[in-house]
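Asks: Take this structure, written in structure tokens, and hold onto it; I'll ask about it next.
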Amino acid sequence: MAIDFIENVASHEGGEVTFRGWVYNRRSSGKLQFILLRDGTGVIQCVAFRGSFTAEQFEALDKLTQESSLIVRGKVRKDPRAPGGYELDLTGYDIVQVTGDYPITPKEHGVAFLMENRHLWLRSARQHAILKIRHEIIKACRDFFDDRGFTLVDTPIFTPNACEGTTTLFETQYFDQKAYLTQSGQLYNEATAAAFGKVYCFGPTFRAEKSKTRRHLMEFWMVEPEVAFATLEDTMQLAEGLICFMLQRILHRRKAELEILERDPAILEKIAPPFPRLSYDEAIKILGSAGSEIRWGGDLGGGDETILSEKYSSPVMVHRYPSSVKAFYMQPDPERPELALCVDVLAPEGYGEIIGGGQRIHDYDLLMQRLREHGLPAEPFQWYLDLRK
């Protein structure tokens with residue numbers, strides 16, 4: 001009898017198969033036992049008839065607890081009412097282990113409790129769906145850039161440089177000197193872009209922020225492309241294309257997971273290029289009329305981003321911020337040098353910035369000036385300055 005994964009159950013219709021997994025739920029109706037078995041690839045309802053087993057075997061099934069591990073054998077039968085559209089009529093089984101006191105029961109639990117039991121919470125349907133979608137997004141990111149001739153170049157995790165400002169650095173001792181966990185691979189990838197033309201890095205980044213909000217994570221993964229000779233307009237089009245590509249991939253391959261998360265796919269299906277574009281000047285006017293206290297020259301806060309994004313059903317691009325609120329490497333607008341050729345992409349529904357990018361300073365003297373203005377020492381950036389030579 002073939003051993004397989006539940007996701008392949010349709011290929012065994014009418015035949016016999018063996019599955020290995022864990023009890024997701026169980027109920028009994030006297031003569032029948034209904035066991036929902038999950039194996040990480042899917043869930044199937046296993047039906048045990050009392051007449052098919054000895055009294056001892058049938059009673060053993062009745063003692064199975066949530067997350068007990070089990071090997072089941074049986075015949076696959078199509079049933080549109082069952083989870084996944086198929087059932088397994090049990091002909092035999094082996095109990096690997098019966099669990100005791102599994103903490104995450106089907107009842108409602110608080111987030112703090114679930115986070116304390118994160119290693120087990122991963123088994124729930126909602127967490128499972130979230131991580132399946134995350135997996136698909138990562139694959140989509142790589143496919144998007146790979147199919148467009150980009151080269152993946154991994155960048156260091158330990159770095160002597162700050163990229164996004166010195167106030168959120170995780171400091172660590174690196175032998176006889178200080179090093180920091182990376183905030184971004186961007187600076188290194190500017191070097192590889194000069195070698196390969198189109199590159200990207202994709203890996204963990206760190207910010208020493210103690211904020212506990214959905215917009216602030218101490219560790220997260222970020223994909224960062226760099227393109228030689230790219231203008232701000234090139235950057236904006238690339239961001240637009242990436243978002244739309246990822247959405248189409250999720251809608252095509254992960255609709256079942258979206259349903260588990262109660263996410264209406266119709267909203268995502270409407271998102272298409274071109275995205276609305278607002279200059280920083282225009283954004284300040286909108287925010288002022290909406291009651292925000294922000295003044296020209298200030299960076300947008302979370303509340304400001306929410307006000308702007310709620311006006312649109314798709315991501316909105318805010319471009320040309322004041323240079324004073326952006327990183328030192330942003331190229332000034334030649335028509336208004338007080339502005340940076342940069343863009344923030346704000347997601348709808350109040351999620352805030354999901355992409356930040358811009359055109360890089362290519363002039364050595366101007367880059368040196370910017371380092372001084374930001375109070376950054378030149379020595380750790382010598383290799384970066386060398387790129388401008």
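The values are calculated or read from the model by the stated rules, or taken from the named source; none is laboratory data. No experiment lies behind these values; they were computed from the predicted model shown. All Cβ positions, even for glycine, are placed from backbone atoms using ideal geometry, and neighbour counts span all protein chains on display. Just the protein is used for accessible areas: all its heavy atoms, side chains included, with ligands, DNA and RNA removed. Shrake-Rupley method; radii C 1.70, N 1.55, O 1.52, S 1.80 Å.
Asks: Just the Cα atoms of segment 284-389: what Rg and Dmax do they give in Å?
Replies: Final numbers for Rg and Dmax: 15.8, 47 Å.
Asks: Regarding the chain, what is the average projected area of its C-alpha convex hull, in nm²?
Replies: For the chain, the mean projected area of the Cα convex hull comes to 24.8 nm².
Asks: For segment 164-259, just say rounded, prolate or oblate: build the C-alpha gyration tensor, square-root its eigenvalues into a ≥ b ≥ c, call rounded for a/c under 1.5, and beyond that prolate if a/b exceeds b/c, oblate if not.
Replies: It comes out oblate by the Cα gyration axes.
Asks: Report, ordered by chain and residue number, the aspartates and glutamates lying within cross-link reach of K255, taken as a straight Cα distance under 12 Å and ignoring same-chain residues fewer than 8 apart.
Replies: Output for K255: E136, D264, E269.
Asks: Per-residue ellipticity at 222 nm for the chain, helices alone: DSSP H runs ≥ 4 residues times -39500 (n - 2.57), over residue total, nearest 500 deg cm²/dmol?
Replies: -8500 deg cm²/dmol
Asks: Can you give me the Cα centroid spacing of segment 336-389 and segment 70-112 in angstrom?
Replies: Segment 336-389 and segment 70-112 have Cα centres spaced 53 Å from each other.
Asks: Which pairs, out of K107/K132; K107/K270; K198/K311; K210/K270; K132/K311; K139/K285, put more than 32 Å between their alpha-carbon atoms?
Replies: K107/K270; K198/K311; K210/K270; K139/K285
Asks: Segment 23-81: Rg/Rh from Cα coordinates, Kirkwood Rh?
Replies: So for segment 23-81, dividing Rg by the Kirkwood Rh gives 0.94.
Asks: In the chain, with Lys and Arg counted as +1 and Asp and Glu as -1 at Cβ, which of these residues, S279, V17, Y180, has the Cα nearest the positive end of the dipole, that is, farthest along it?
Replies: V17
Asks: In addition: Report the residue, chosen from G358, G303, G92, that carries the largest GNM mean-square fluctuation when the chain is represented by alpha-carbon nodes joined by springs under 10 Å.
Replies: Judging by the Gaussian network model, the answer is G92.
Asks: Kyte-Doolittle cut-off -1.0, length cut-off 18 Å along the helix's own axis using Cα: show which whole DSSP H helices in the chain pass.
Replies: 125-146, 232-253
Asks: Counting only protein heavy atoms and using a 1.4 Å probe, what share of the accessible area of the chain belongs to carbon plus sulfur, as a whole percent?
Replies: Carbon and sulfur atoms account for 53 percent of the accessible area of the chain.
Asks: Picking from R20, R254, R123, which is most flexible by a Gaussian network model of the chain using Cα springs under 10 Å?
Replies: Looking only at R20, R254, R123, the biggest GNM fluctuation is shown by R20.
Asks: Would you mind working out the magnitude of the charge dipole of segment 171-257 relative to its Cα centre, with +1 at each Lys and Arg C-beta and -1 at each Asp and Glu C-beta, to the nearest 20 Debye?
Replies: Its charge dipole is roughly 600 debye.
Asks: Using the heavy atoms of the protein chains and a 1.4 angstrom probe, tell me the accessible area per residue for the chain in square angstrom.
Replies: 54 Å²
Asks: Dipole of the chain (Lys/Arg Cβ +1, Asp/Glu Cβ -1, origin at the Cα centre): which of L242, T151, M1 lies farthest to the positive side?
Replies: Towards the positive end, the residue furthest out is M1.
Asks: Based on Cβ point charges of +1 for Lys and Arg and -1 for Asp and Glu, what charge dipole magnitude is obtained for the chain about its Cα centre, in debye rounded to the nearest 20?
Replies: 1060 debye
Asks: Dipole of segment 1-115, Cα-centred, from +1 at each Lys and Arg C-beta and -1 at each Asp and Glu C-beta, to the nearest 20 debye?
Replies: Magnitude of the dipole: close to 280 debye.
Asks: Over the chain, what is the mean sequence separation of C-alpha contacts under 8 Å (at least six apart), divided by residue count, expressed as relative contact order in percent?
Replies: Rounded, it is 9 percent for the chain.
Asks: Further, regarding this structure: Return the lysines within reach of K75: Cα separation strictly under 19 angstrom, same-chain partners fewer than 8 residues apart disregarded; answer none if there are no such residues.
Replies: Excluding near neighbours in sequence, the set is K31.
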